[in-house]
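Below: one structure, written as structure tokens.
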Amino acid sequence: GCPVWSCRDWIGTVFDKQTDPGNLLREYAKRFNAVEGNSTFYAIPPAATVEKWMAESGDGFRFCPKFPKSISHDRRLVQAENETSEFIKTLETLQHGDRLGTSFLQLPPSFNAHSIDALENYLKALPKEFKYAVEPRHITWYDNGDNERQLDEMLQNLGIDKVIFDSRPLFASEAKDQDESDAQSRKPQTPVRKVALATHPFLRLVGSNDLDANEIWIKEWAPIINKWILENKRPYIFLHCPNEAYAPYFARRLH
């Protein structure tokens, strides 16, 4: 899937030109079976909104909500019981409607390996009936040593996946337009580890607007994804582009 479903640039290209802007999720769900729920990072939606999402998506469709920044960035996983409880209500609603995929916790860029105890305590307290993935961003989590091993072992023991954030395609060449320049200034260059620690590998692949330039990365990832599937894992793959108008075409090429 893609990181969003409400890109108006898709009207007349990915979607029919007569598509009502209010029906973008319904149209998106006809073409993809998952979406990143990045909006939950900024605010937890009312229950009525979540019910509407479920009504507009078909059987087999999965939302992958992002943990709110009030938990990850503001509270930094400490004394965030109230915020977590509110977020879990959204997960329960989606689970009840058979629309819940893996929820992902993006750690702040400054949240380093010295905070592994806070991370472990938080993850252990989460309800066990949901699937989670953690996206570490600080370089200390990628030391090819004790820090990385401890993180991987902890996540594996808890049945939690590690988000693979691969922005190499975005940074493989100089920016070709303003969208790419802006994306390069915002997106991190996290080291890439092609690991599946649990049952739902989670890949966020950030490409160029030049779809042909992404082919080398598609060819690198396709056999890895196939291997996961053959191992009876259920990967979640999300394709990003600096201009999201191109993301569905990037996704189609990889598919």
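Per residue, the convex hull spanned by the Cα atoms of the chain amounts to 129 cubic angstrom.
Packing order of peptides 162-171, 192-201, highest average first: 162-171, 192-201 (average count of other Cβ atoms within 10 Å over each peptide's residues).
For region 41-93, the orientation-averaged shadow of the C-alpha convex hull comes to 3.7 nm² (one quarter of the hull surface).
Positive-end ranking of ASN112, LEU94, ASN147 along the dipole of the chain, with charges on Cβ about the Cα centre, is headed by LEU94. The per residue volume of the convex hull around the alpha-carbon atoms of region 120-255 is 123 Å³. Of the peptides 88-100, 119-131, 233-245, the order by per-residue mean of other Cβ atoms within 10 Å, starting with the highest, comes out as 233-245, 88-100, 119-131. Only helices at least 20 Å long along their own axis, judged from Cα atoms, and with Kyte-Doolittle mean hydropathy of 1.6 or greater: name those in the chain from DSSP H. Helices meeting the span and hydropathy rule in the chain: none at all. Rounded to the nearest 20 debye, the dipole magnitude of the chain is 380 debye, with +1 charges on Lys and Arg beta carbons, -1 on Asp and Glu beta carbons, and the Cα centre as origin.
The C-alpha radius of gyration of region 92-155, expressed as a fraction of 2.2 N^0.38 Å, stands at 1.26.
In the context of the full set of protein chains, residues of the chain present 48 Å² of accessible surface per residue (probe radius 1.4 Å, heavy atoms only). For region 177-219, the fraction of C-alpha pairs farther apart than 15 angstrom is 57 percent.
The residue list SER181, SER208, SER167 was ranked by how far each Cα lies along the charge dipole of region 131-250 toward its positive end, using unit charges on Cβ atoms, and SER167 comes out on top.
Here region 161-237 was treated as a single set of alpha-carbon atoms; its pair distances binned every 10 Å from 0 give 19, 46, 27, 8, 0 percent.
Only DSSP H runs of four or more residues enter the estimate; each adds -39500 (n - 2.57), and after division by the residues of the chain the mean residue ellipticity at 222 nm equals -11000 deg cm²/dmol. At 1.4 Å probe size, with the rest of the protein present, what percent of the exposed accessible area of the chain is carbon and sulfur atoms? So the carbon and sulfur contribution to the accessible surface is 46 percent. Assuming 1.306 mPa s and 10 °C, estimate D for region 49-123 with Stokes-Einstein, Rh taken as the Kirkwood radius over Cα pairs, in µm²/s. The diffusion coefficient I find is 118 µm²/s. Share of pairwise Cα-Cα distances greater than 12 Å in region 120-178 is 74 percent (whole percent). The local environment of ALA133, defined by Cβ-Cβ distances under 9 Å, has a net charge of 0 under the rule Lys, Arg +1 and Asp, Glu -1.
The values are calculated or read from the model by the stated rules, or taken from the named source; none is laboratory data. It should be emphasised that the depicted structure is a prediction, and the values quoted were computed from it without experimental measurement. No Cβ is skipped: glycine too gets one built from the backbone with ideal geometry, and neighbour counts run over all protein chains shown. Calculation scope for accessible area: heavy atoms of the full protein, side chains included, ligands and nucleic acids excluded. Shrake-Rupley method; radii C 1.70, N 1.55, O 1.52, S 1.80 Å.
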